[in-house]
Amino acid sequence: MRDLADVRVFVYQWFAERGEPPSPEDVADGFGLDTAAALEALRALHDAHLLVLDAGRREILMAHPWSARSLGFVVTDERVRWWGGCAWDSFAIPALVGRPCLVATHCPGCGRALALDVRPDEHPPAGLVAHFLVPIPRMWDDVMYTCAHQSLFCSEEHVGRWLRQSRSPRGAILDMRTLWLLATRWYAGRFTREYRRRTPDEARALFHELGLVGPFWGDA
Ligand SMILES: [Zn+2]
């Protein structure tokens, strides 16, 4: 068998082309493995936080920025419909696939439908804001919960409305330019074999370049 990087890239490309994850059997077929060996590879990638399996450690739930299930974001172009994992993930997909995409969701503050065109090469105009609830150092404590609470809102006022309704602590608010820069730069290179997860110091360096500072972003 080839190494885990090949399996990871295979999963990403499958998601990009089809809008859904491969099954363990698809991975086995792709590499000429038996299903047990394919599952072993997928579980190793899960344990390295390079994808997310279900509780039975069998089906792929996420390979960021792709999700197998709706988490509140639809991302689509003329060929494929994807479930975006969250605001951060959904803004990364156009740059990863190299095509403009429509990103659609609901504002948690008022329930209004929000849709915007996101390009691979230019940030969307100002207007909407993103709110991230879970601080970066705790992002992987429950990654599905984290993703489900990285949302787009009409305005900061509607973030405030949702925080009061849900009795949630205020997290971080990002404008459209900052969200797009974070998403495209965070996910750059994800399709290559050479990609590896950023260390906390490397992640902080990127956040600092974008003006994202403070304990929420992992600063002491
Ligand atoms: Zn709203």
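The values are calculated or read from the model by the stated rules, or taken from the named source; none is laboratory data. These numbers come from a predicted model, not from an experiment. Backbone-built Cβ (ideal geometry, glycine too); neighbour counts: all protein chains shown.
Entry remark, the range 6-63: residues being hydrophobic (A, V, I, L, M, F, W, C) and more than 23 Å from V80 (Cβ to Cβ) number 11 in total.
The numbered conditions (1) within 22 Å of A183 (Cα to Cα); (2) touching a Leu at 6+ places or on another chain (Cβ under 9 Å); (3) in contact (Cβ under 8 Å) with a residue 12 or more places away in the chain are all true for L4 except (1).
The test for being more than 15 Å from the chain's Cα centre (by Cα) and either of a type outside the set (D, E, K, R) or not assigned by TED's automatic domain parsing to the domain that holds T178 (or both) does not hold for P94.
Evaluate the following for A28: is it closer than 19 Å to R119 by Cβ and part of a helix (DSSP H, G or I)? Taking the combined requirement at face value, the residue does not satisfy it.
Of the residues A87, A113, the single one that is within 16 Å of the ligand (Cβ to nearest atom) and in contact (Cβ under 8 Å) with a residue 24 or more places away in the chain is A87.
The requirement of being away from the ligand (no atom under 16 Å from the Cβ), out of contact with any helix residue (DSSP H, G or I) (no Cβ under 9 Å at 6 or more places or on another chain) and not in a strand (DSSP E or B) is satisfied by R43. Have a look at A63, A28, A36 and point out the one that is at pLDDT 95 or above, hydrophobic (A, V, I, L, M, F, W, C) and surrounded by 14 or more Cβ atoms within 10 Å (Cβ to Cβ). That would be A28, the only listed residue that is at pLDDT 95 or above, hydrophobic (A, V, I, L, M, F, W, C) and surrounded by 14 or more Cβ atoms within 10 Å (Cβ to Cβ). Cβ-Cβ distances below 7 Å connect the following pairs, each with a first residue in the range 155-176 that is under 15 Å from A126 (Cβ atoms) and in the same structural domain as R119 (by TED's automatic domain parsing), a second residue that is acidic (D, E) and surrounded by 12 or more Cβ atoms within 10 Å (Cβ to Cβ), and a separation of six or more residues or different chains: I173/E156.
Has the range 156-171 got any residue that is in a helix (DSSP H, G or I), hydroxyl-bearing (S, T, Y) and surrounded by 17 or more Cβ atoms within 10 Å (Cβ to Cβ)? Checking the range 156-171: not a single residue is in a helix (DSSP H, G or I), hydroxyl-bearing (S, T, Y) and surrounded by 17 or more Cβ atoms within 10 Å (Cβ to Cβ).
Within the range 164-210, the set of residues being among the hydrophobic types (A, V, I, L, M, F, W, C), within 16 Å of the ligand (Cβ to nearest atom) and out of contact with any Leu (no Cβ under 9 Å at 6 or more places or on another chain) comprises I173 only. As a summary of the residue check, A130 satisfies the conditions (1) surrounded by 21 or more Cβ atoms within 10 Å (Cβ to Cβ); (2) away from the ligand (no atom under 16 Å from the Cβ); (3) among the small types (G, A, S) except for the one numbered (2).
Checked against (1) within 16 Å of the ligand (Cβ to nearest atom); (2) surrounded by fewer than 21 Cβ atoms within 10 Å (Cβ to Cβ); (3) among the aliphatic types (A, V, I, L, M), V103 passes all but condition (2). Out of P120, P125, one residue alone is touching a residue at least 60 places away in the same chain (Cβ under 8 Å), away from the ligand (no atom under 11 Å from the Cβ) and within 19 Å of L210 (Cα to Cα). It is P120.
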